[in-house]
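The values are calculated or read from the model by the stated rules, or taken from the named source; none is laboratory data. All values derive from a computational prediction rather than experimental measurement. Using ideal geometry, Cβ is built from the backbone for each residue, glycine included, and neighbour counts are taken over all protein chains shown. Only protein heavy atoms, including side chains, enter the accessible area calculation; ligands, DNA and RNA are left aside. Shrake-Rupley method; radii C 1.70, N 1.55, O 1.52, S 1.80 Å.
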Amino acid sequence: MRKWNFSAGPAAIPEEVLKEAQSEMLEWQSSGMSVMEMSHRSSQYIDIANKASQDLTDLLKIPNNYQVLFLQGGATLQFSMVPMNFGFKGVADYVLSGSWSKKAINEASKIVDVNVVCSSESSNFNNVPKESSWKRSENAAYLHYVANETIQGNALHIPPTTNAPLITDMSSVILSEPIDISKFSMIYAGAQKNIGPAGLTICIIKNEFLKTASIDLPGMLQYSKHADADSMFNTPPTFAWYLSGKVFAWLKGKGGLDSIGKINRLKAKKLYDFIDNSEFYTNPINRENRSIMNIPFLLKNSELNAEFLHDAENAGLLNLKGHRSVGGMRASIYNATPIEAVDALINFMGDFQSKHG
Ligand SMILES: Cc1ncc(COP(=O)(O)O)c(C=O)c1O
């Protein structure tokens, strides 16, 4: 029996999508084979890939002067590919607002001079420092930030203003609400949260910026090679791309990002309101930086953590354990997690509180 899954990633995938994929598992549309068994160069697969790319473009309203790439290596490889491709000219500016920005900075520091414009590390990343306090470089090659820190559950909801090309890791927030793509030179995201299965990474890069990328790198590490080959420089993760296409079609069917964005805000508000009104649970993040996708919470009495998780699992609520580096709990409520799941979680938290409060 399927249960409510609050995993941070790989995360819940809409049941309708899984059922549809199940029905096509043995044979895709009278092709005599499964999608997994198709050549990525076949016209059948190219149609699947193009439709997915078009649906993603429609959902995010990606202007036509951007490339949409379907790559591998996760967001983690982008931590290195970004400075390799775009950082060879001087200093790169980075915002340090959580564990993922820290990893991005560590990787970039091996390749380029990094200027950390601000850091909230001394306050356990419970906020994103105000832009007015950032110490930017004069001529940064780019400014990088993580829009939503999945582990700490903080977010910068409005993209910063900058003269430097703006690059963001949107792994845990992409497709959760409308965004203005034109503000960015590059957006990247691992798929395994709001997009589809692990193994696929989406990069959206402005043509003008892509033209400045290094061509002095191994082919697999050059964004321009991937763009020139329509993301088929080598064999792409065909099944993940196909399944992600189904998620995009599902999202379009739900009314797109305006409509899912409203639902996501409502889900997050319900859970934050419940936590804020309770004496038993707390959320450590500054209000204006609270994530709408990953909501960490602490029990007043941490000795009850194991019992909370055990009882939650028995109640059909899975993967609520916080990341090992921060402890406590975390509910990841991506697009595929319906409001019923959040209601079920709140009911459970209320019952647990009455039992132990
Ligand atoms: C914001 C963010 N960036 C990067 C990563 C790393 O992604 P991957 O495991 O796909 O390399 C994650 C994974 O959870 C993430 O949440």
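Evaluating F280 against the criteria (1) within 29 Å of L59 (Cβ to Cβ); (2) in contact with a Gly (Cβ under 6 Å, 6 or more places away or on another chain) leaves one unmet condition, (1).
Of all residues in segment 245-264, those that are among the small types (G, A, S), crowded, with 18+ Cβ neighbours inside 10 Å and over 12 Å from L175 (Cα atoms) total 1. Taking segment 184-200 as the range and being in a loop (DSSP other than H, G, I, E, B) and either within 12 Å of the ligand (Cβ to nearest atom) or crowded, with 24+ Cβ neighbours inside 10 Å (or both) as the test, the residues that pass are A191, Q192, K193, N194, I195, G196, P197, A198, G199, L200.
Confirm whether A108 is within 16 Å of the ligand (Cβ to nearest atom) and open to solvent by 10 Å² or more (accessible area, probe 1.4 Å). Judged against the criteria, A108 is not a match.
If you go through segment 43-59 and keep only what is under 15 Å from I181 (Cβ atoms) and among the hydroxyl-bearing types (S, T, Y), you end up with S53, T57. Of the residues making up segment 33-50, those that are in a loop (DSSP other than H, G, I, E, B) and more than 20 Å from F233 (Cβ to Cβ) number 2. With respect to the conditions (1) at pLDDT 95 or above; (2) surrounded by fewer than 16 Cβ atoms within 10 Å (Cβ to Cβ); (3) more than 16 Å from the ligand (Cβ to nearest atom), K89 lacks only one, and its number is (1).
Of all residues in segment 316-357, those that are in a loop (DSSP other than H, G, I, E, B), crowded, with 17+ Cβ neighbours inside 10 Å and either at pLDDT 95 or above or not assigned by TED's automatic domain parsing to the domain that holds N277 (or both) total 9. With respect to K267, determine if the residue is open to solvent by less than 50 Å² (accessible area, probe 1.4 Å), in a helix (DSSP H, G or I) and of a type in the set (K, R). Yes. Looking for something under 20 Å from the mean Cα position of the chain (by Cα) and surrounded by 15 or more Cβ atoms within 10 Å (Cβ to Cβ) - is there at least one such residue anywhere in segment 27-38? Looking through segment 27-38, none of the residues is under 20 Å from the mean Cα position of the chain (by Cα) and surrounded by 15 or more Cβ atoms within 10 Å (Cβ to Cβ).
Inside segment 136-175, residues that are under 29 Å from A11 (Cα atoms) and either open to solvent by less than 20 Å² (accessible area, probe 1.4 Å) or more than 11 Å from the ligand (Cβ to nearest atom) (or both) make up a count of 27. In segment 227-244, the qualifying residues are those that are under 21 Å from the mean Cα position of the chain (by Cα) and outside any loop (DSSP other than H, G, I, E, B), and the one that is surrounded by the fewest Cβ atoms within 10 Å (Cβ to Cβ) is F239. Apart from one condition, S244 fits all of (1) closer than 23 Å to W134 by Cα; (2) among the polar types (S, T, N, Q); (3) within 16 Å of the ligand (Cβ to nearest atom); the exception is (1). May I ask you to list the residues in segment 26-48 that are out of contact with any helix residue (DSSP H, G or I) (no Cβ under 6 Å at 6 or more places or on another chain) and within 26 Å of L175 (Cα to Cα)? Within segment 26-48, Y45, I46, D47 qualify. The set of residues in segment 65-86 being more than 10 Å from the ligand (Cβ to nearest atom) and part of a helix (DSSP H, G or I) consists of S80, M81, V82, P83, M84, N85, F86. From the list S123, S132, S99, the lone residue that is within 13 Å of the ligand (Cβ to nearest atom) and open to solvent by 10 Å² or more (accessible area, probe 1.4 Å) is S99. Just one residue in the set K103, K89 is assigned to a loop (DSSP other than H, G, I, E, B), in contact (Cβ under 8 Å) with a residue 12 or more places away in the chain, within 30 Å of A164 (Cα to Cα) and out of contact with any strand residue (DSSP E or B) (no Cβ under 6 Å at 6 or more places or on another chain); that residue is K89. Screening S53, S30 for residues that are of a type in the set (G, A, S), outside any helix (DSSP H, G or I) and away from the ligand (no atom under 16 Å from the Cβ) leaves exactly one candidate, S30.
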